[in-house]
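Enquirer: The structure follows.
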Amino acid sequence: MSDYLSLYDYRCRVATMYRERNQALLAGEDGEAVLQRFRAARDELFATHPQSALDEEQRSTFTGLHYFPYNPRLRFIVDIEADVEPMRQTAMMNANDLMSMTTVGHVRFTVEQEDVMLSLYWLDIYGGGLFLPFRDATCPNESYGGGRYLFDTIKGSDFVPIAGVSGYKRVMLDFNYAYNPSCAYNHAWTCPLAPTENRLHVPIRAGEKKYRD
């Protein structure tokens, strides 16, 4: 029972971090200062919490996750194109396991003068949740080879809402908060990886770098 309560506590803390981030950004606080405060809280969670993705040996020598510098140009206000035919997808988790999810929207923006599109998914597991995984040209040399996540609302991570916009038709995608799936840290984890349609040919040099070679 204690493990379940510990996991619940971890997810509550993650959700609180994202809620406080959103409140600060909506209040007009400096984006870089908000990010540094968020990263410090995340590093503390990884270093001390029993539900950290790091195992006990890794936590004993942990000094912080590796990040790209803050890049305000990799923050995009996008309209979610929700008028799409729901398409069932299967995301690879490892050689044997798959996860089912459904394409529920698209977002478009421009990086390095190239127009790109990412699909937004709904995870088809109990309760469901919005999920945005991606892989970009920094993989695998600078970031985790399996790609990163921008948000996974089941686990508490989230996008940035836009003040005065209801219904979440328009949101901010801030890639400074891109993060690694748990499987990037050790082999105890399996994680859904970005489908082919969410593999970008441009670099996204923001957010978390790879944890290890």
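The values are calculated or read from the model by the stated rules, or taken from the named source; none is laboratory data. Not measured: the values here are computed from a predicted model. Using ideal geometry, Cβ is built from the backbone for each residue, glycine included, and neighbour counts are taken over all protein chains shown.
Enquirer: Only residues in region 196-213 that are aromatic (Phe, Trp, Tyr) count as the first member; pair them with residues that are surrounded by fewer than 17 Cβ atoms within 10 Å (Cβ to Cβ) and at pLDDT 95 or above, Cβ under 8 angstrom, at least 6 apart or cross-chain, and list the lot.
Expert: 211/66
Enquirer: Could you look through region 163-195, keep only residues that are at pLDDT below 90 and of a type in the set (Ser, Thr, Tyr), and pick out the one that is farthest from residue 77 (Cα to Cα)?
Expert: This residue is 190.
Enquirer: Which members of region 40-57 meet the condition of being out of contact with any helix residue (DSSP H, G or I) (no Cβ under 9 Å at 6 or more places or on another chain) and either in a helix (DSSP H, G or I) or of a type in the set (A, V, I, L, M, F, W, C) (or both)?
Expert: Here is the first cut: in region 40-57, the ones out of contact with any helix residue (DSSP H, G or I) (no Cβ under 9 Å at 6 or more places or on another chain) are 40, 43-44, 55-57.
Of everything in region 40-57, those that are out of contact with any helix residue (DSSP H, G or I) (no Cβ under 9 Å at 6 or more places or on another chain) and either in a helix (DSSP H, G or I) or of a type in the set (A, V, I, L, M, F, W, C) (or both) turn out to be 40, 43, 44, 56, 57.
Enquirer: Condition first: surrounded by fewer than 13 Cβ atoms within 10 Å (Cβ to Cβ) and in a helix (DSSP H, G or I). Now tell me which residues in region 10-35 satisfy that.
Expert: 12, 16, 19, 23, 33
Enquirer: With the structure loaded, tell me whether residue 10 is modelled with pLDDT of 95 or more and among the hydroxyl-bearing types (Ser, Thr, Tyr) or whether it fails that test.
Expert: Values: modelled with pLDDT of 95 or more: yes; among the hydroxyl-bearing types (Ser, Thr, Tyr): yes.
Against the criterion (modelled with pLDDT of 95 or more and among the hydroxyl-bearing types (Ser, Thr, Tyr)), residue 10 qualifies.
Enquirer: Further question: Which ones in region 105-116 are free of Cβ contacts under 8 Å to residues at least 60 places away in the same chain, out of contact with any Leu (no Cβ under 6 Å at 6 or more places or on another chain) and part of a strand (DSSP E or B)?
Expert: Within region 105-116, the subset free of Cβ contacts under 8 Å to residues at least 60 places away in the same chain is 105-106, 108, 110, 113, 115.
Right, trim to out of contact with any Leu (no Cβ under 6 Å at 6 or more places or on another chain) and you get 106, 108, 110, 113, 115.
The answer is 106, 108, 110, 115.
Enquirer: What residue, among those in region 42-56 that are over 19 Å from residue 190 (Cα atoms) and of a type in the set (Asp, Glu), is surrounded by the most Cβ atoms within 10 Å (Cβ to Cβ)? Lay out the reasoning, then the answer.
Expert: Within region 42-56, the first condition is being over 19 Å from residue 190 (Cα atoms), and the residues that meet it are 42-45, 47-49.
Remaining after also requiring of a type in the set (Asp, Glu): 43-44.
Values: 43: 15, 44: 12.
Looking at residues that are over 19 Å from residue 190 (Cα atoms) and of a type in the set (Asp, Glu), I get 43.
Enquirer: Restrict the check to region 76-92 and report whether at least one residue is outside any strand (DSSP E or B), touching a residue at least 60 places away in the same chain (Cβ under 8 Å) and closer than 30 Å to residue 6 by Cα.
Expert: No, that holds for no residue.
This table checks each residue for (1) under 29 Å from residue 24 (Cα atoms); (2) under 15 Å from the mean Cα position of the chain (by Cα); (3) surrounded by fewer than 20 Cβ atoms within 10 Å (Cβ to Cβ).
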{"site": "144", "(1), (2), (3)": "yes, yes, no"}
{"site": "157", "(1), (2), (3)": "yes, yes, no"}
{"site": "173", "(1), (2), (3)": "yes, yes, no"}
{"site": "199", "(1), (2), (3)": "no, yes, yes"}
{"site": "209", "(1), (2), (3)": "yes, yes, yes"}
{"site": "212", "(1), (2), (3)": "no, no, yes"}
